[in-house]
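Written below as structure tokens is the structure these notes are about.
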Amino acid sequence: MASASGSPSPKSSTPLGQGASPRVRFCPSPTGNPHVGLVRTALFNWAFARHTGGTMVFRIEDTDAARDSEESYHQLLDSLRWLGLDWDEGPDEVGGPHAPYRQSQRMDIYADVAKKLRDAGHAYDCYCTTAELDERREAARKAGRPSGYDGHCRALTAEQTEAYRAEGRTSIVRFRMPDETITFTDLVRGDLSFAPENVPDFGIVRANGAPLYTLVNPVDDALMEITHVLRGEDLLSSTPRQIALYQALIEIGVAKDVPLFGHLPYVMGEGNKKLSKRDPEASLNLYRERGFLPEGLLNYLSLLGWSFSADKDIFTVAELVEKFDIADVNANPARFDLKKAEAINADHIRLLDVKTFTEACTPWLRAPHANWPAENFDQAAWEAIAPYAQTRLTVLSDITANVDFLFRDTPVDDEASWAKAMKGDPIALLTTARANLADADWSSPEALKAAVLAAGEQHGLKLGKAQAPVRVAVTGRTVGLPLFESLQILGRERSLARIDAALAKLSA
Ligand code: GLU
Ligand code: ZN
């Protein structure tokens, strides 16, 4: 299972028993905007915790003051809340038995563990300068030897140490890797092993005393009793080091067990390159601003390395939780497909009950950027048209173009639509249609349809051809929501006035 081979104390490093309740963690560094790769990691951990009845720990890895920001931290909290990915232990008001959950508030803990590792001989002071390291690495490379740290300071005598100090050198703390192959069974990738020459001794504390990711991440996983580390494949190379560090932590009484590891597949973007967090389509905020539903986005992101079943790719979050198993995650890279994400979101929009849909669109309808004067918005008209709009949207932000005819003083002015619809003798057709509509029963969309149909018949046009000029006269667009319901909701006065305006424009 997950313990490193040749563990010096097999008793204490027994992998987790079947009965233990899983504890997983999501532990981002608050740098920049949340991106979809990060959300996929959060989602898989969360789904695993909820599926197994385990515990979701949310930890903030903010030990790099130069890169971390408070703004990014707040964005992370806000994003997870928007997505509904809740946590059982973590920062903010949630708290928990292992608080604090922000690493910047845990510096004393790391200093203490580093000292214990050093005292027990698992770590040592390394006085090598960057120039010396570079030079020896270059020489090793030329000689065809492994070019990682060469163990130069592993066994310095008191005199050598004294001499280095007298020279005014500073030292970092380096972890002493065991001289043996590290093997473990990845939950996604199966058995993996790493030969010692590929995993050299590594720094855990900087010369200025600042602890590094290599130390704080496994130390907190140990102290927070994490049982399953599910994270991106990009972190796979740090896993053998962390397993060795765990063994040392077990020996000094800081850790109980080595967790199991599962490395989630890369997410590929355009041109089969790894999706970078700097790619615009990777930004979570973009999806939120366009009006993806949390459940639509989660549905799509869950398919990046996992599948529900061969014939079902639309499912609810509850279904995902019920079905999710880390053993079903595929090790092959997953391709990020925006069109598929949009199609899945469109399906989720259709699944909403009308009331929820009506409310979900409100932020876009009320936003100041919407293309009508804010005071024109009419809640009753919106509620009347909403059921017809629901089947038309890919993302919620599409709503404004679908209903703007209701709230604008005049239809949108779109020359291409006008030219396309106003063919043949539009004046004759619109004049008849207007007269028929003026006499029609406006309480019935069927009656309005009959009015336009009759006008078409009189001029030798089928319904489709007859309604196109009416639609463009009233909405400005050639495509849109069902026309006769639209006319009814817009109302008799305004509809007829718009047809009059179109007739005036045609005659001008
Ligand atoms: N803070 C690390 C990162 O964001 C976490 C890595 C891990 O999950 O172990 O890359
Ligand atoms: Zn050294």
*Starting at 0 and stepping by 20 Å, how many percent of the alpha carbon pairs of the chain end up in each bin?*
19, 39, 23, 14, 5, 0
*Quote the accessible area belonging to Val94 in square angstrom, nearest 10, computed with a 1.4 Å probe and with ligands, DNA and RNA left uncounted.*
60
*What shape does the range 397-505 have by the C-alpha gyration tensor, where a ≥ b ≥ c are the square roots of the eigenvalues, rounded means a/c under 1.5, and otherwise prolate means a/b greater than b/c and oblate the rest?*
oblate
*Placed amide H near Arg189: partners under 5 Å, 5+ positions off or other chain*: His263
_Restricting to DSSP loop positions (anything but H, G, I, E, B) with no more than 16 other Cβ atoms inside 10 Å of their own Cβ, which GluC sites (Glu not before Pro) remain in the range 61-154?_
Glu93
*Net charge of Cβ neighbours under 9 Å - reference Gly96; Lys, Arg +1; Asp, Glu -1*: -2
*So how far, in whole Å, is the C-alpha centre of the range 445-508 from the one of the range 149-191?*
80
*asked:* With a 1.4 Å probe and all protein chains kept in place, how much accessible area does Ile204 have, in Å² rounded to the nearest 10?
replied: 0
*Given H placed on each backbone N at 1.01 Å, which residues far from Met268 in sequence or on other chains put an amide H within less than 5 Å of it?*
Leu275, Ala334, Arg335, Phe336
*asked:* A 22 angstrom limit on the alpha carbon distance is what I want to check against. Which of Lys312/Lys355; Lys423/Lys505; Lys277/Lys312; Lys116/Lys256 exceed it?
replied: Lys312/Lys355; Lys277/Lys312
*Place a +1 charge on the Cβ of each Lys and Arg in the chain and a -1 charge on the Cβ of each Asp and Glu, then give the dipole magnitude about the Cα centre in debye, rounded to the nearest 20.*
900
*Taking the Cβ of Phe315 as the centre, find all other residues whose Cβ is under 11 Å away and add up their charges (Lys, Arg: +1; Asp, Glu: -1).*
-3
*How much accessible area per residue does the range 403-508 have, in Å², with a 1.4 Å probe?*
47
*Amide H neighbours of Leu260 under 5 Å, at least 5 residues apart or on other chains, H built in the peptide plane: list them.*
His228, Val229
_Given a 1.4 angstrom probe, I'd like the percentage of the accessible area of the chain that is carbon and sulfur, rounded to a whole number._
51
*Just report the Cα centroid separation between the range 387-419 and the range 269-327, whole Å.*
28
_Tell me which trypsin sites (Lys or Arg not before Pro) from the range 30-105 have a DSSP coil assignment and no more than 12 other beta carbons within 10 Å of their own._
Arg67
_Residue-normalised accessible area of the range 271-325, given per residue in Å² at a 1.4 Å probe_ = 49
*Using Cβ-Cβ distances only, list the Cys residues of the chain with no partner cysteine under 4.7 Å, sorted by number.*
Cys27, Cys128, Cys361
*Solvent exposure of the range 101-229 as accessible area per residue, Å², 1.4 Å probe*: 50
_Report for the chain the percent antiparallel among DSSP-assigned beta bridges with both residues inside it, nearest 5._
55
*With θ set to phi - 60°, apply the Karplus curve 6.51 cos²θ - 1.76 cosθ + 1.60 along the range 435-440 and write out the HN-Hα couplings as whole Hz, x wherever there is a Gly or Pro.*
5, 5, 5, 4, 8, 6
*Asp92-Arg492 FRET efficiency (beta carbon distance; Förster radius 51 Å; 0.05 resolution)*: 0.40
_Between Ala343 and Ala155, how high is the FRET efficiency from 1/(1 + (r/R0)^6) when r is the Cβ-Cβ distance and R₀ = 56 Å? Nearest 0.05._
0.35
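The values are calculated or read from the model by the stated rules, or taken from the named source; none is laboratory data. Being a predicted model, the structure only gives us computed values, none of them experimental. Here Cβ is always computed from backbone atoms with ideal geometry, including for glycine, and neighbour counts include all displayed protein chains. Keep in mind that these areas ignore ligands, DNA and RNA; they rest on the heavy atoms of the full protein, side chains included. Shrake-Rupley method; radii C 1.70, N 1.55, O 1.52, S 1.80 Å.
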